[in-house]
1. Please go through region 41-52 and pick out each residue that is surrounded by 13 or more Cβ atoms within 10 Å (Cβ to Cβ) and either without any contact (Cβ under 8 Å) to a residue 40 or more places away in the chain or more than 26 Å from ASP81 (Cβ to Cβ) (or both).
2. Being aliphatic (A, V, I, L, M) and at pLDDT 85 or above is the filter; apply it to region 65-86 and report the residue that is farthest from VAL24 (Cα to Cα).
3. Can you tell me which residue in region 1-17 is surrounded by the fewest Cβ atoms within 10 Å (Cβ to Cβ), limited to those that are over 14 Å from the mean Cα position of the chain (by Cα) and part of a loop (DSSP other than H, G, I, E, B)?
4. Can you name every residue in region 18-28 that is without any contact (Cβ under 8 Å) to a residue 24 or more places away in the chain and either surrounded by 13 or more Cβ atoms within 10 Å (Cβ to Cβ) or among the small types (Gly, Ala, Ser) (or both)?
5. Taking helices (runs of 4 or more DSSP H) that fall entirely within region 18-85, which contain at least 3 residues that are within 25 Å of LEU7 (Cβ to Cβ)?
6. Only one of HIS63, HIS37 is of a type outside the set (D, E, K, R) and surrounded by fewer than 13 Cβ atoms within 10 Å (Cβ to Cβ); which?
Amino acid sequence: ISTPLALHYEETLFALSNKRNVLVEKLVMMSSAQLEHLCTISKEKAALLIEGIWTRYLPISIHIRDVRLPKIGEVKRVSSDFSASIWSPDG
């Protein structure tokens with residue numbers, strides 16, 4: 001979901017209600033109540049609800065780029081993965 005923020009809730013609710021996995025661009029919702037409701041629907045429908053986040057400007061990314069990488073020399077390739085669980089199927 002990459003539409004304007006005001007549309008995120010209705011479009012995400014529609015997709016989750018139809019058992020579709022959803023990637024929502026940050027900001028996810030306009031309120032925590034909306035997000036909590038969608039998390040509940042996500043669990044009930046066994047559909048993934050994922051927030052898309054651009055990590056380039058997170059403090060850790062800047063630290064790695066500006067402090068750590070220069071110490072190890074020329075970098076030819078970097079591959080990384082950033083993820084966090086917001087809910088577990090086990091509760």
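1. ILE41, LYS45, ALA47, LEU48, LEU49, ILE50, GLU51
2. ILE72
3. PRO4
4. The one that is without any contact (Cβ under 8 Å) to a residue 24 or more places away in the chain and either surrounded by 13 or more Cβ atoms within 10 Å (Cβ to Cβ) or among the small types (Gly, Ala, Ser) (or both): VAL28.
5. Result: 32-45.
6. Result: HIS63 is the single residue among HIS63, HIS37 that is of a type outside the set (D, E, K, R) and surrounded by fewer than 13 Cβ atoms within 10 Å (Cβ to Cβ).
The values are calculated or read from the model by the stated rules, or taken from the named source; none is laboratory data. Small disclaimer: the values here were computed from a predicted structure and weren't measured. As a convention, Cβ positions derive from the backbone with ideal geometry for all residues, glycine included, and neighbour counts pool all protein chains shown.
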